[in-house]
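Laboratory data are not the source of any read-out in this text; all were calculated from the coordinates shown. This one's a predicted model, so the numbers in the text were calculated from it and none came from an experiment. Cβ atoms come from the backbone with ideal geometry, glycine included; neighbour counts cover every protein chain shown.
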Amino acid sequence: MNNSKIIYENPEGEDRVLSSQEKYQGKLTQLIEAINAIEKTEEWQKLKKVLLDDIVVSLEKQIKDEVDKKEISLPELYRLQGQLLWAKKYVDLKKLSDVYRQQLEGISNLIKHEKRNSTDGAV
């Protein structure tokens, strides 16, 4: 059984098939809109300034301190690097929104390509 497509009925009586890509496209659109709305709020700016801006600086300092040690702990260094990557991704909501926007463009292109192929009779 193929669960990648769900059939919905339109009010006009036409069946509408939503692929998993189209559902994902809708979720990405909602996510981008929510991120952009949150980024503009005063509360987000306060949280970012008080809490999140210092996280990246702190993690970079911890990595430098770990590298300067006589015996470097690779697991600790990798852990800090992972946290730094995470922090850089989520502290700047504009960058996060751009990442999801790129995914949205990719899925939109994929859907257009699939629709073009299905109307052309290509497999």
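List, in the order given, every pair from LYS27/LYS61; LYS69/LYS89; LYS70/LYS95 whose Cα-Cα distance in the structure shown is over 32 Å. Don't jump to the answer; show the numbers that get you there.
Working: LYS27/LYS61 37 Å; LYS69/LYS89 27 Å; LYS70/LYS95 36 Å.
Correct reply: LYS27/LYS61; LYS70/LYS95.
Sparse packing (at most 10 other Cβ atoms within 10 Å of the Cβ) combined with a DSSP loop state is found for the following trypsin sites (Lys or Arg not before Pro) in the stretch 31-123: LYS40, LYS69, LYS70.
Order by neighbour count: LEU80, LEU85, fewest other Cβ atoms within 10 Å first, most last.
Values: LEU80 21, LEU85 11.
Ascending number of Cβ neighbours within 10 Å: LEU85, LEU80.
Backbone amide hydrogens, once placed in the peptide plane, bring ASP92 within less than 5 Å of nothing, excluding anything fewer than 5 places away on its chain.
Backbone geometry of the stretch 39-55 corresponds, through the Karplus equation with coefficients 6.51, -1.76 and 1.60 at θ = phi - 60°, to 3J(HN,Hα) couplings of 4, 7, 6, 5, 4, 5, 4, 5, 4, 4, 5, 6, 10, 7, 4, 6, 5 Hz, x marking Gly and Pro.
Compared with the rule-of-thumb size 2.2 N^0.38 Å for a compact globular protein, the stretch 5-120 has a Cα radius of gyration ratio of 1.60.
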